[in-house]
Amino acid sequence: MEKQENRRVQRLVLVLFPLQGHTTPMLQLGSVLYSRGFAITIAHTRFNPPDPINHPQFDFLVSGTPNIEDVESINLNCQAPLQELELQKQTAYSQVAGVIHDSLMYFAATVANDNKIPSLVLRTSSAAFVQAYAALPHLLAEGSFLFQDSMSYEQVPQLNPLRFKDLPVSRENMALTLELIDIVSKYKRSSVMIINTTDCLEHLPLLQLQQLFQVPLFGIGPLSKVASASSTSFLEEESSCIAWLNNQTLKSVLYVSKGSLAMSDEKELTEIAWGLANSDQPFLWVVRPGSVSSSDWTELLPQGFREHVGERGLIVKWAPQKEVLAHFAVGGFWTHCGWNSVMESLSEGVPMISCPQFFDQKVNSRYITYIWKVGIELDGELERGDIERSIRKLMGGREGVEIRQRAIELKQMIDVSILEGGSTYNALNDLTEFLLTNKI
Ligand code: UDX
């Protein structure tokens, strides 16, 4: 039987980049736009595919190899199938009204332009990060960003409040940075920018981005808050941790996760373990399989740790994070500052210990601690004493009370932004209108 949604007149093709932090917001955007009457085709790679069972309302188009490749190869390998299979085909019931692509899937803008279809880029990071990235070529050309500056606390000209140390670049990742700068110039071909943020969090960066890119820009986040709740995880979520949380007291638990990419070595694992153990605070700790070098999972935990902690701590491979952050027992989030995690935490009013590692995470951390003041930073090499002190400060100290209060106020502002008349609500209406009429 023909799928009901094939009768929808306007179809959107959404092009995913196969990493968790990129796939999740794109699928969430798909759900939002489906609820507004569009038929949705999800174009994805064989590597890290979304599970169609969780998204019965979508159609799927697969291309590329089953292995992780570099960004350029992924773009090359996905181009032909999208061109041939989807865009030129206009079924009796639906025509392609737009292609929405991840910023790293820049090939889709070319295919859309060739087919005279509007292309829209979804930025899955913060507006401040997009702005910082866009500024890098100038900083490099002017010579104002020297390698040694990557540790400097000095303010970056025109990028207030960022310091050189917050920029997504360092001597080690310079080659990758240059490649990504090139990619930024490619997605400028898209006629519209959609960004997973909201005005109450990033009023100024959004305004400045608008001026910089001179294209229609829609701040429609937090997508985790406006989209329906179907799972987008590549790994199986251990829902049993919710039963454990149910037995903990109000706002007593520290949730600890480093997202889907960050790695640790044995030394860092040991410091984290003893920092958590010595804090005397209940904790739910996600240790992703394969995320600790030279081990499969938790084999390298220090001797005596589990006995010391007993029932006070639970370690899981992957958590239902949104549900965890919304749980009454969770009072803090020790995070690597991936943008999805930050938005999910802000949406639930959960204060953070920010522990950034790479890419956009240092920019996000600066906003958490300095602009929104909803977290404390755990900087530099991890050490058990610093960890214990940070946890005690956030979960028990006077400073922690003030930080928690601000986190609650920010959550309330986010709630308002998605209600009728709020900035996200209006931006979603404007985006829908644009897709239906190709006019602002
Ligand atoms: C990566 C980069 O690290 C990040 O900086 C960038 O903004 C996006 O790409 P990732 O490391 O995966 O993302 O972090 P994040 O953006 O926080 O995304 C992780 C997602 O996985 C979140 O939506 C989170 O809810 C989910 N998650 C994480 C789980 O569902 N369960 C877990 O146990 C851990």
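For the chain, adding -39500 (n - 2.57) for each run of n ≥ 4 DSSP H residues and dividing by the number of residues yields -12500 deg cm²/dmol at 222 nm.
Could you please rank 200, 78, placing first whichever residue has the fewest other Cβ atoms within 10 Å of its Cβ?
Values: 200 19, 78 28.
Final ranking by Cβ density, sparse to dense: 200, 78.
Figure the gain on full extension for residue 371 and residue 113 (residue separation times 0.36 nm, minus the Cα-Cα span) and round it to one decimal in nm. Don't skip to the answer; put the middle values down first.
Values: separation 258, 0.36 × 258 = 92.88 nm, distance 3.87 nm.
Gain on stretching residue 371 to residue 113: 89.0 nm.
As a proxy for reagent exposure, 333, 359, 234 were ordered by neighbouring Cβ count within 10 angstrom, fewest first; the result is 234, 359, 333. Legend: ranking of residues 117, 371, 42 from fewest to most surrounding C-beta atoms inside 10 Å; resulting order 371, 117, 42. Once the Cα atoms are used to define both axes, helix 266-279 deviates from the longest principal axis of the chain by about 60 degrees.
Length gained on full extension, residue 151 to residue 228: 23.6 nm, using 0.36 nm per residue less the C-alpha separation. Between the residues 98, 197, 80, the greatest Cα displacement towards the positive end of the dipole of the chain, with unit charges on the Cβ of Lys, Arg, Asp and Glu, is found for 98. Between helix 423-437 and the chain there is an angle of about 20 degrees, using the helix long axis and the longest principal axis of the Cα atoms.
Stretching the chain fully between residue 141 and residue 416 yields a gain of 94.8 nm (0.36 nm per residue, less the alpha carbon separation).
For the chain, what is the charge dipole size about the Cα centre, in debye to the nearest 20, if Lys and Arg each add +1 at the Cβ and Asp and Glu each add -1 at the Cβ?
Details: 36 positive and 49 negative charges, 201 e Å.
Computed charge dipole of the chain: roughly 960 debye.
Over all distinct Cα pairs, what is the inverse of the mean 1/r for the chain, reported as the Kirkwood hydrodynamic radius in Å? Don't skip to the answer; put the middle values down first.
Details: mean 1/r = 0.0442 Å⁻¹.
For the chain, the Kirkwood estimate is 22.6 Å.
Looking at the chain as a GNM with Cα springs under 10 Å, which of 229, 427, 109 has the largest mean-square fluctuation? Of 229, 427, 109, the Gaussian network model singles out 229 as fluctuating most.
For segment 254-296, the calculated P(r), taken from all Cα-Cα distances in 10 Å bins from zero up to the bin holding the longest distance, is 27, 56, 16 percent. Taking the centroid of alpha carbons for each part, segment 209-268 and segment 40-89 are 24 Å apart. Our coupling estimate for segment 334-350, obtained by passing each phi through the Karplus curve with A = 6.51, B = -1.76, C = 1.60 and θ = phi - 60°, is 8, 10, 7, 6, x, 4, 5, 4, 4, 5, 5, 5, 4, 5, 9, x, 9 Hz, Gly and Pro reported as x.
Of the residues 275, 370, 315, the one whose Cα sits farthest toward the positive end of the charge dipole of segment 239-416, with +1 on the Cβ of Lys and Arg and -1 on the Cβ of Asp and Glu, is 370.
Taking amide H positions as modeled 1.01 Å from N, with prolines and chain starts lacking one, the residues under 5 Å from residue 333 and 5 or more places away or on another chain are 255, 352, 353.
The magnitude of the dipole of segment 239-416, with charges of +1 and -1 set on the Cβ of Lys/Arg and Asp/Glu and taken from the Cα centre, is near 440 debye.
What the phi angles of segment 116-129 give under the Karplus curve with 6.51, -1.76 and 1.60, with θ = phi - 60°, is a coupling list of 6, 10, x, 10, 10, 9, 9, 8, 9, 10, 6, 5, 4, 5 Hz, glycine and proline written as x.
Of the residues 84, 388, 266, the one that moves most in a GNM of the chain with alpha-carbon contacts below 10 Å is 84. If you line up the long axis of helix 199-213 against the longest principal axis of the chain, both from Cα atoms, how many degrees apart are they, to the nearest 10? The two axes meet at around 50 degrees.
For segment 239-416, the share of alpha carbon pairs falling in successive 10 Å distance bins from zero is 10, 41, 39, 9, 1 percent.
No value in this document is a laboratory result; all are computed from the given coordinates. Remember, it's a predicted structure, so these values are computed and weren't measured experimentally. Neighbour counts are summed over all protein chains in view; Cβ atoms, including those assigned to glycine, are modelled from backbone coordinates with ideal geometry.
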